[in-house]
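Asker: I have a structure I would like to understand better, so I am pasting it below and will then ask my questions one at a time.
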Amino acid sequence: MADDEVDLFVIGAGSGGVRAARIAASHGARVMAAEEFRVGGTCVIRGCVPKKLLVYASRFADEFEDAAGFGWTVGEPKFDWPTLIANKDREITRLEAAYTATLERWKVELVKSRAVLEDAHTVRLLSSGARVKAQTILIATGAWPHYGPKIPGLEHVISSNEALHLPALPERIVIQGGGYIALEFASIFNGLGSEVTLVYRGENILRGFDDDVREHVRNELRARGINVLCGHTVTAIEKNGEEFVAHLSDQTAIAADKVMFAIGRRPNLMGLGLEHLGVRIHEHGGIEVDQYSRTSVPSIYAVGDVTNRVNLTPVAIREGHAFADTVFGGKPTPVDHGNVPTAVFTEPEVGVIGLTETQARAQLAKLDVYKTSFRPMKATLSGRQTRTFMKLLVDGLTDRVVGCHIVGPDAGELIQVIGVAVRMGATKADFDATMAVHPTAAEELVTMREKAASYGREAAE
Ligand SMILES: Cc1cc2nc3c(=O)[nH]c(=O)nc-3n(C[C@H](O)[C@H](O)[C@H](O)COP(=O)(O)OP(=O)(O)OC[C@H]3O[C@@H](n4cnc5c(N)ncnc54)[C@H](O)[C@@H]3O)c2cc1C
């Protein structure tokens with residue numbers, strides 16, 4: 001087959017790749033993209049979107065229960081997993097078609113194939129063996145679940161990929177991991193009625209989050225009946241007929257219908273041919289790039305999870321867009337990875353932006369901490385035992401809000417809006433001057449007046 005020539009070849013049509021391809025094409029570039037699985041990538045096909053649909057499903061159980069306190073009589077609710085999965089799959093197929101249509105509209109040539117690098121300007125398509133010459137190559141191949149050390153019975157373990165396609169709802173599931181994916185699936189299965197054990201090797205879940213948030217979420221998950229075991233690991237999985245037995249590091253064992261690991265994801269670099277091209281890999285395992293997402297080989301760029309910077313969809317999209325503007329739009333655009341708001345869709349939900357208290361104490365000469373924990377208004381009639389937590393971290397010298405941490409209903413929605421204020425450099429005085437919206441939970445964010453603590457830098461040392 002004859003060599004083809006394009007301005008940009010994108011490897012991977014996920015969040016970052018699709019955006020980069022579309023924007024580069026809008027700048028007039030001739031673009032080709034290769035996708036080995038399904039257009040849309042992790043987020044659309046087996047990440048954010050299908051997960052959030054399952055989160056919605058899992059939250060109806062509370063609504064049915066809570067309705068009684070408000071005078072409703074609800075018949076015995078019944079849940080059907082195959083219906084949920086079929087409906088979810090239909091939506092994913094619709095979204096995949098929408099992403100594909102976008103690429104077609106912008107005349108991006110899409111090839112359904114695995115692609116590898118042959119040299120700094122050549123990509124090889126494994127489906128046909130064809131070679132494509134490109135002025136610029138963008139690697140946007142994402143990441144893949146990591147299963148940890150090879151332990152006996154590891155072949156029985158599922159990841160989030162399979163959890164989204166199980167033929168039946170497991171009555172009992174053991175999930176190993178303490179990050180957001182492990183916790184979200186623990187909440188999903190718990191809400192849908194499974195018996196859930198969460199096994200995490202560290203001292204507390206949600207490493208990297210504010211300590212108060214970690215503590216609050218752990219207590220809430222436990223109160224909802226999730227068996228949270230910190231300081232443990234799964235050492236072996238034994239298949240016993242239809243069930244699996246997870247053996248733990250303290251010599252105990254837990255029987256379950258499924259064992260899932262969500263202990264991290266690794267950048268998708270294997271077999272791409274990067275080594276012989278001299279594309280440098282960062283010590284954190286991702287492709288090393290500069291602020292414009294350029295690798296150590298000038299014609300090769302990389303965006304998204306494969307660079308292991310901030311592994312979230314909006315970040316991959318922003319990086320892809322900035323890359324296209326930089327290289328094809330004549331507008332060099334660095335990406336600012338600071339102050340990225342983020343959510344964890346557990347029950348209750350988490351929304352955070354900015355520094356944790358530990359980070360703020362280490363970085364600031366003076367820190368003021370405001371926090372509150374209260375029973376949400378809805379719980380007063382429903383009788384549900386849950387508490388909302390909010391915390392503001394304020395630079396004691398400039399009065400700027402440098403961190404906001406929320407655990408409670410709609411925390412993800414709240415933090416998106418608070419994120420604008422924090423990025424703009426809002427001060428605690430700005431928060432205080434903003435009129436409250438009453439009665440809401442969010443009004444607490446503008447009515448916290450009492451400092452919970454105040455630290456000088458010496459206190460952190
Ligand atoms: C369960 C789960 C839940 C998540 N929830 C959230 C969330 O709520 N919010 C959030 O912001 N982020 C979430 N994420 C993270 C988010 O999905 C990723 O950060 C995002 O998809 C990264 O985009 P990307 O473009 O780097 O890679 P991806 O979207 O993974 O796209 C990479 C694409 O490249 C393809 N590919 C790989 N190698 C090749 C090759 N050699 N040739 C051709 N194609 C190739 C893959 O098939 C894939 O389609 C979640 C992830 C998971 C797993």
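The values are calculated or read from the model by the stated rules, or taken from the named source; none is laboratory data. This structure is a prediction, so every number in the text was calculated from the model and none was measured. Note that we place each Cβ from the backbone using ideal geometry, even for glycine, and neighbour counts take in every protein chain shown. Ligands, DNA and RNA are stripped out before the accessible areas are found, and what is left, the full protein with its side chains, is counted by its heavy atoms. Shrake-Rupley method; radii C 1.70, N 1.55, O 1.52, S 1.80 Å.
Asker: Go through the range 321-360 and report how many residues are open to solvent by 40 Å² or more (accessible area, probe 1.4 Å), out of contact with any strand residue (DSSP E or B) (no Cβ under 9 Å at 6 or more places or on another chain) and under 19 Å from ILE137 (Cα atoms).
Answerer: Result for the range 321-360: 5.
Asker: From the list ARG207, ARG201, which residue is under 21 Å from the mean Cα position of the chain (by Cα) and more than 27 Å from SER373 (Cβ to Cβ)?
Answerer: Details: ARG207 fails: more than 27 Å from SER373 (Cβ to Cβ).
ARG201 is the lone residue from the list that is under 21 Å from the mean Cα position of the chain (by Cα) and more than 27 Å from SER373 (Cβ to Cβ).
Asker: For the subset of the range 84-112 comprising residues that are of a type in the set (Lys, Arg) and in contact (Cβ under 8 Å) with a residue 12 or more places away in the chain, which member is least open to solvent (accessible area, probe 1.4 Å)?
Answerer: Restricting attention to the range 84-112, the residues satisfying the condition of being of a type in the set (Lys, Arg) are 88, 90, 94, 105, 107, 112.
Filter once more, keeping what is in contact (Cβ under 8 Å) with a residue 12 or more places away in the chain: 88, 107, 112.
Numbers: LYS88: 5, LYS107: 165, LYS112: 111 Å².
Top of the filtered list is LYS88.
Asker: Ok, one more. Looking only at the range 241-260, decide whether some residue is of a type outside the set (Lys, Arg), open to solvent by less than 50 Å² (accessible area, probe 1.4 Å) and closer than 20 Å to THR42 by Cβ.
Answerer: Among the residues of the range 241-260, at least one is of a type outside the set (Lys, Arg), open to solvent by less than 50 Å² (accessible area, probe 1.4 Å) and closer than 20 Å to THR42 by Cβ, which makes the answer yes.
For (1) open to solvent by 20 Å² or more (accessible area, probe 1.4 Å); (2) more than 7 Å from the ligand (Cβ to nearest atom), each residue gets a yes or a no:
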| position | (1), (2) |
| --- | --- |
| ILE23 | no, yes |
| GLU36 | yes, no |
| VAL55 | no, yes |
| PHE64 | yes, yes |
| PHE70 | yes, yes |
| ASP80 | yes, yes |
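Asker: List the helices (runs of 4 or more DSSP H) inside the range 354-455, counting only whole elements, that have at least 3 residues being farther than 30 Å from ARG222 by Cβ and either touching a residue at least 12 places away in the same chain (Cβ under 8 Å) or aliphatic (A, V, I, L, M) (or both).
Answerer: Values: elements: 357-363, 377-382, 411-424, 428-433.
By residue number, 411-424, 428-433.
Asker: Give me a count of the residues in the range 389-417 that are surrounded by fewer than 22 Cβ atoms within 10 Å (Cβ to Cβ) and either acidic (Asp, Glu) or under 28 Å from TRP72 (Cβ atoms) (or both).
Answerer: Total meeting the criteria: 6.
Asker: Among what's in the range 361-388 and is under 17 Å from THR427 (Cα atoms), among the aliphatic types (A, V, I, L, M) and open to solvent by less than 20 Å² (accessible area, probe 1.4 Å), pick the residue that is farthest from the chain's Cα centre (by Cα). Show your work before the answer.
Answerer: First pass over the range 361-388, keeping only residues under 17 Å from THR427 (Cα atoms): 364-371.
Next, from what is left, pick out any that are among the aliphatic types (A, V, I, L, M): 364-365, 367, 369.
From the residues that got through so far, the ones that are open to solvent by less than 20 Å² (accessible area, probe 1.4 Å) too are 367, 369.
Values: LEU367: 29, VAL369: 27 Å.
Applying the filter and picking the extreme gives LEU367.
Asker: If you take the residues of the range 284-305 that are within 15 Å of PHE9 (Cβ to Cβ) and among the aliphatic types (A, V, I, L, M), which of them is farthest from the ligand (Cβ to nearest atom)?
Answerer: Among those residues, the one meeting the criterion is VAL297.
Asker: Condition first: within 14 Å of the ligand (Cβ to nearest atom) and of a type outside the set (Asp, Glu). Now tell me which residues in the range 111-121 satisfy that.
Answerer: As a first pass, look at the range 111-121 and keep what is within 14 Å of the ligand (Cβ to nearest atom): 111-118.
Residues satisfying the conditions are VAL111, LYS112, SER113, ARG114, ALA115, VAL116, LEU117.
Asker: Which numbered condition trips up GLY47, out of (1) near the ligand (Cβ under 7 Å from one of its atoms); (2) open to solvent by 20 Å² or more (accessible area, probe 1.4 Å); (3) touching a residue at least 60 places away in the same chain (Cβ under 8 Å)?
Answerer: Among (1) near the ligand (Cβ under 7 Å from one of its atoms); (2) open to solvent by 20 Å² or more (accessible area, probe 1.4 Å); (3) touching a residue at least 60 places away in the same chain (Cβ under 8 Å), the lone unmet condition for GLY47 is (2).
Asker: Pairs please, first residue from the range 25-36 and closer than 10 Å to ILE11 by Cβ, second anywhere and in a loop (DSSP other than H, G, I, E, B) and open to solvent by less than 20 Å² (accessible area, probe 1.4 Å), Cβ atoms under 7 Å, 6+ apart in sequence or on different chains.
Answerer: Short answer, once both residue conditions are applied: ALA33/ALA13; ALA33/VAL108; ALA34/SER113; GLU35/GLY12; GLU35/ALA13; GLU36/SER113.
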